[in-house]
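The values are calculated or read from the model by the stated rules, or taken from the named source; none is laboratory data. What you are looking at is a predicted structure, and each value in this text was computed from that prediction instead of being measured. Note that each Cβ is placed from the backbone with ideal geometry, even for glycine, and that neighbours are counted across all protein chains shown. Side chains are part of the model used for accessible areas, which takes the heavy atoms of the whole protein and leaves out ligands, DNA and RNA. Shrake-Rupley method; radii C 1.70, N 1.55, O 1.52, S 1.80 Å.
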Amino acid sequence: MKEFSESKLEKILDTALKPARYTGGEMNAVIKPFDSADVTFAFCFPDAYEVGMSHLGIKILYHIINKQPWALCERVYTPWPDMADALRRENLPLFSIESRTPVRRFDILGFTLQYEMCYTNILEVLDLSDIPLRSCDRTEEDPIIMAGGPCAYNPEPLAPFIDVFQIGDGEEMMLEAIECVRKCKAEKASRLETLRALAKIEGIYVPAFYEATYNEDGTLKAFTPIDNAASPIVRKRIVRDLDKADYPDSFIVPYTEAIQDRSVLEIMRGCTKGCRFCQAGMLYRPVRERSLETLLKQADNLVNSTGYEEISLSSLSSGDYSHLSELCCALTERYADKKVSLSLPSMRLDSVVKQSLEEMQKVRKAGLTLAPEAGTQRLRDVINKGVTEEDLVRAVTDAFQSGWSTVKLYFMIGLPTETDADLEGIGHVAKQVMNCYFTVPKSQRARGLRVTASASTFVPKAFTPFQWQGQDPLDTIREKQHKLKDILYAVKGVNFNWHDPELSMLEACFARGDRRLADVLLAAWKNGCRMDGWSEFTNFEGWTKAFEDCGVDPAFYANRERGENELLPWDFIDAGVTRAFLWREWQRAQKAEVTPDCRKGCQGCGLQRFEGVCRK
Amino acid sequence: MKMLVVFEKHPRIRHIGHLDLMRAMQRALRRSGLPVKFSQGFNPHLLITFAAPLSVGMPGKHEIMEIPLAAEVSESEFLTKLNAALPPELNCLSARGVEDKHPASMASLYAAEYEIKIAPEGAALCDAVASFMAQETIMALRKTKSGEKLIDIKPLIYKLEVTSPATLRCTLALSEAATCKCDLLLDALCAHAGIEDRPHTLSIRLQMYGKDFIPLELL
């Protein structure tokens with residue numbers, strides 16, 4: 001076993017890139033004596049510190065766990081490759097940020113799964129911690145490995161590596177899980193007995209208790225429990241009342257700049273717009289709002305405890321929050337003296353309320369980000385993005401009149417039914433935005449127009465109406481990117497960004513993969529793949545070789561269209577929305593039929609099966 | 001009025017850079033609720049000046065910053081409130097209220113005292129100190145943005161002594177006119193001792209001085 005040494009660590013920190021990633025000592029970090037806690041939890045965001053420190057979910061759960069006098073939660077991140085190599089060279093185990101305790105000494109190591117391209121980092125963290133990579137190889141001495149977050153809705157590619165998945169909202173489930181581990185530990189229960197006890201908690205999935213069999217064509221034949229503790233269907237957890245849900249009264253304030261370095265108010269959870277490509281929109285149903293009163297109280301707590309200069313409002317669709325204008329007014333008024341500014345990310349463009357914009361303008365003006373997603377009305381109807389060109393024109397004109405001059409436009413390419421006309425449409429939209437700027441009189445508009453069009457590659461995700469759709473093959477994507485580049489080149493003044501199609505292909509594999517992909521993941525990590533989301537560490541050859549060596553065809557997962565009756569690897573999870581609803585939506589999509597927001601009438605997505613959660 | 005504040009930057013956070021430290025202090029002041037002064041302009045920020053930035057990787061036992069205030073506050077209230085808003089790794093030791101026109105610490109700075117802990121394998125460095133200091137000139141290669149330059153650092157070393165088997169204590173010039181960093185001293189000492197690979201060291205800044213080696217915060 002590796003042994004931790006403070007002096008060895010200090011030595012390697014002197015040559016590490018950005019050593020402040022590993023040193024801790026931040027304001028509001030919770031320090032508890034390690035050995036006095038009944039349950040110790042190492043919470044890992046499997047990416048770099050500055051990314052992980054930006055994540056709201058961990059802040060919430062860190063607060064909830066540490067609020068229990070008998071429990072302790074500390075943070076762990078994936079060391080940057082230079083540091084990972086240095087730890088290996090010096091034979092040092094990975095340690096927690098707060099108390100520098102080797103990760104392996106914790107009772108539980110939890111991962112949040114925010115995107116598929118962090119999966120190799122999970123193996124890296126386990127390996128650096130001296131924890132066996134596969135659940136079946138772990139001993140009574142090893143921590144229980146947990147995982148949650150949006151990617152846990154298709155947990156299968158990680159099945160052999162994770163002991164326990166938490167599916168759905170974590171606030172209540174996490175507490176039940178650590179209480180269960182505490183009880184098992186007190187009773188000196190074995191690892192197997194502990195996993196069985198955990199499996200009985202609603203929302204928890206223990207992959208070792210299930211078996212998958214396959215048809216000759218490679219599709220899934222059956223997925224069945226093989227342990228009495230396991231239920232055939234795992235139902236996601238829903239926190240019914242966000243006003244009663246715990247929310248941190250302080251955030252850890254990092255010294256080095258995190259990606260999101262500000263106070264965040266989660267104004268609501270869930271979205272009922274029903275965009276068909278959007279996994280979050282399906283997973284986080286139903287919509288639950290926090291009251292104005294709760295939010296203002298939480299804002300006070302955060303402003304006073306963090307000293308942050310900025311508050312941002314977070315949700316999938318902030319424009320739909322019932323009291324948005326009131327909230328913006330109240331916040332700007334409240335903190336004008338303290339010079340705290342307000343920003344609203346993820347504004348859907350049909351909801352850019354002029355009044356709110358003017359409120360925001362009083363303090364600070366960041367760039368405006370809008371997501372038309374597709375270039376034509378037809379394709380926007382296919383994806384059920386209920387936004388028209390008039391909406392867009394109105395929104396950007398308003399913004400330009402109010403002094404904005406930087407606009408980012410997000411599009412996707414490779415959406416179902418896409419044709420060249422849709423790519424042309426993206427050029428048209430960009431042109432329209434430029435024109436809107438020039439229709440505003442010079443005296444009214446700010447100088448320095450900057451329009452950026454960004455095109456990501458569509459990745460079909462589990463639990464969306466597009467879960468049956470095949471992703472465009474790499475060649476098609478590249479061809480479309482080139483066409484779009486030419487189209488946007490002709491629109492003077494627009495910057496164009498696109499993503500590596502290879503990465504989107506890998507994402508597509510893992511987003512809808514099954515257990516057999518775990519071997520590919522392991523092989524890729526052994527080939528040196530890690531920090532896959534960072535362009536400087538892109539190692540597509542490592543991945544290609546891993547697929548070849550494992551005899552797995554990535555096209556089977558990424559590009560293949562699934563049939564109506566195919567058993568999907570995530571079908572055993574009840575995510576709220578039913579398969580029947582998703583299929584109905586898939587059929588409507590192919591006919592470009594729009595489905596209205598369910599606030600205007602129930603669309604029968606399945607959430608009403610959950611008692612008392614859905615507003616009719 | 002403005003406050004002259006002495007604070008400690010704990011070894012744990014020695015890798016925090018100067019700008020990050022500045023931001024951490026600004027946020028602490030915001031948390032403290034003290035009547036601090038904001039700059040004018042579109043993005044108002046808190047005005048703080050540090051006597052001298054610490055090198056990345058170096059802790060400080062006795063660092064000095066100046067904080068202009070918008071209203072009168074007692075020294076003890078200032079100290080209590082600011083400390084309550086700081087993590088244990090940043091701790092204020094004293095605060096002294098002076099008038100706005102009080103000369104800036106940065107301008108009065110003359111020298112600083114350091115302690116340098118040398119890894120066991122480098123203990124031979126200590127043996128070379130006496131002959132090192134007996135030299136008439138001590139030539140060292142200073143690397144700057146514009147290139148390398150050979151300079152005599154002897155006049156910039158006010159004191160250099162061995163305090164325990166692998167620990168040095170030194171007082172070096174640190175002023176707007178002339179500065180000698182610990183790294184430069186160590187490079188020269190290694191060269192003198194004929195040690196090719198510089199051993200790992202941990203340096204800490206103990207104190208800053210004005211003219212005649214009066215502690216800077218007392219000026």
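Computed over chain B, the per-residue total of -39500 (n - 2.57) for DSSP H runs of n ≥ 4 gives a 222 nm mean residue ellipticity of -6500 deg cm²/dmol, rounded to 500. The separation of segment A:286-346 from segment B:1-43, counted between C-alpha centres, amounts to 25 Å.
Looking at this model, which pairs from A:LYS2/A:LYS185; A:LYS297/A:LYS385; B:LYS81/B:LYS211; A:LYS18/B:LYS61 are more than 29 angstrom apart at the alpha-carbon? Beyond 29 Å: A:LYS297/A:LYS385; B:LYS81/B:LYS211.
Placing a label point 7 Å from the Cα of A:PHE438 along the Cα-to-Cβ line, the residues of segment A:494-515 whose backbone N sits under 19 Å from it are A:494-496. Amide H to amide H, with H built 1.01 Å from N, A:ARG450 comes under 5 Å of A:THR406, A:VAL407, counting only residues 5 or more places away or on other chains. Counting heavy atoms of the protein chains alone, A:TRP543 has an accessible area of about 10 Å² for a 1.4 Å probe.
Per-residue ellipticity at 222 nm from helix content only, as computed over chain A with -39500 (n - 2.57) for each DSSP H run of at least four residues, stands at -10500 deg cm²/dmol. Protein-only accessible surface at a 1.4 angstrom probe places the residues A:ILE178, A:ILE259 in the order A:ILE259, A:ILE178, largest first.
Based on the Stokes-Einstein relation at 25 °C and a viscosity of 0.890 mPa s, and on the Kirkwood radius from alpha carbon pairs, segment A:244-312 is assigned a translational diffusion coefficient of 179 µm²/s. Give the Debye-formula value of log10 I(q)/I(0) at each listed q (0.11, 0.15, 0.16 Å⁻¹), with one equal scatterer per alpha carbon of segment A:6-235, two decimals each. Each listed q maps to, in turn, -0.54, -1.00, -1.13. In segment B:2-106, how does Rg compare with the Kirkwood Rh, expressed as the Rg/Rh ratio over alpha carbon atoms? Looking at segment B:2-106, the ratio lands at 0.94.
Modelled spin-label separation between A:LYS526 and B:TYR158, with each label point placed 7 Å from Cα along the Cα-to-Cβ direction: 6.2 nm. Aspartates and glutamates near A:LYS408 by alpha-carbon distance under 20 Å, same-chain residues fewer than 8 away left out - which ones? Within reach: A:ASP350, A:GLU358, A:GLU373, A:GLU389, A:GLU390, A:ASP391, A:ASP398, A:ASP422, A:GLU424, A:ASP486, A:ASP500. Checking every one of the GluC sites (Glu not before Pro) in segment A:532-616 against DSSP loop status and a limit of 13 other Cβ atoms within 10 Å picks out A:GLU561, A:GLU564, A:GLU593, A:GLU611. Shown here is the pair-distance distribution of segment A:90-204: with all Cα-Cα distances grouped in 10 Å bins from zero up to the longest one, the shares run 13, 46, 37, 4, 0 percent. Looking at chain A alone, DSSP beta bridges between its own residues are antiparallel in about 20 percent of cases. With all protein chains kept in place, the per residue accessible area of the protein assembly as shown amounts to 41 square angstrom at a probe of 1.4 angstrom. Applying the criteria of a DSSP loop state and at most 14 other Cβ atoms within 10 Å to the chymotrypsin sites (Phe, Trp or Tyr not before Pro) of segment B:5-44 yields B:PHE42.
In loop segments of segment A:453-559 as defined by DSSP, the trypsin sites (Lys or Arg not before Pro) with at most 14 further C-beta atoms inside 10 Å of their C-beta are A:LYS492.
The mean sequence distance of close C-alpha pairs (under 8 Å, at least 6 residues apart), as a share of the length of segment B:2-106, puts its relative contact order at 46 percent.
Shown for segment A:472-521 is the translational diffusion coefficient from the Stokes-Einstein equation, using the Kirkwood radius over Cα pairs, a temperature of 4 °C and a viscosity of 1.567 mPa s: 101 µm²/s.
If you plug the beta carbon distance of B:LYS211 and A:ASN91 into 1/(1 + (r/R0)^6) with R0 = 51 Å, you get a FRET efficiency near 0.55.
With respect to chain B, whose longest principal axis is taken over its alpha-carbon atoms, helix B:182-193 is tilted by about 10°.
Any idea what diffusion coefficient the protein assembly as shown gets from Stokes-Einstein, in µm²/s, Kirkwood Rh on alpha carbon pairs, 4 °C, 1.567 mPa s? D = 44 µm²/s. On the basis of the beta-carbon distance and an R0 of 25 Å, A:LEU192 and A:ARG579 show a calculated FRET efficiency of 0.20. Work out which trypsin sites (Lys or Arg not before Pro) in chain B are exposed loop sites (DSSP not H, G, I, E or B, at most 10 other Cβ within 10 Å) and give the longest gap free of them. Free of exposed loop sites, the longest segment is B:1-100. A loss of 40 Å² or more of accessible area (1.4 Å probe, protein heavy atoms, ligands and nucleic acids excluded) relative to the isolated chain is seen in these residues of segment A:291-326: A:GLY307, A:GLU309.
P(r) tail for chain B, what percent of Cα pairs lie past 28 Å? The calculated P(r) of chain B puts 35 percent of pairs beyond 28 Å. Pairs exceeding a 29 Å alpha-carbon distance, out of B:LYS37/B:LYS117; A:LYS188/A:LYS221; A:LYS236/A:LYS600: B:LYS37/B:LYS117; A:LYS188/A:LYS221. Of all lysines in the structure, the ones whose alpha carbon falls short of 16 Å from that of A:LYS32, not counting any fewer than 8 places away in one chain, are A:LYS67.
Using Cα pairs under 8 angstrom and six or more residues apart, how large is the relative contact order of chain A, in percent? Computed value for chain A: 14 percent relative contact order. Of the two radii for segment A:470-577, the radius of gyration is 1.05 times the Kirkwood radius, both from the alpha carbons; that is the Rg over Rh value. Could you pull out every one of the aspartates and glutamates with an alpha carbon less than 19 Å from that of B:LYS101, ignoring same-chain neighbours closer than 8 positions? The reachable aspartates and glutamates, counting only those whose Cα sits under 19 Å from B:LYS101, are B:GLU66, B:GLU72, B:GLU75, B:GLU217. For segment B:109-218, rounded, prolate or oblate, judged on the Cα gyration tensor with a ≥ b ≥ c (square roots of eigenvalues), a/c < 1.5 rounded, else prolate if a/b > b/c? Taking the square roots of the gyration eigenvalues as a ≥ b ≥ c, segment B:109-218 is oblate. With R₀ set to 56 Å, the beta-carbon distance separating A:GLN608 from B:ASN91 gives a calculated FRET efficiency near 0.50.
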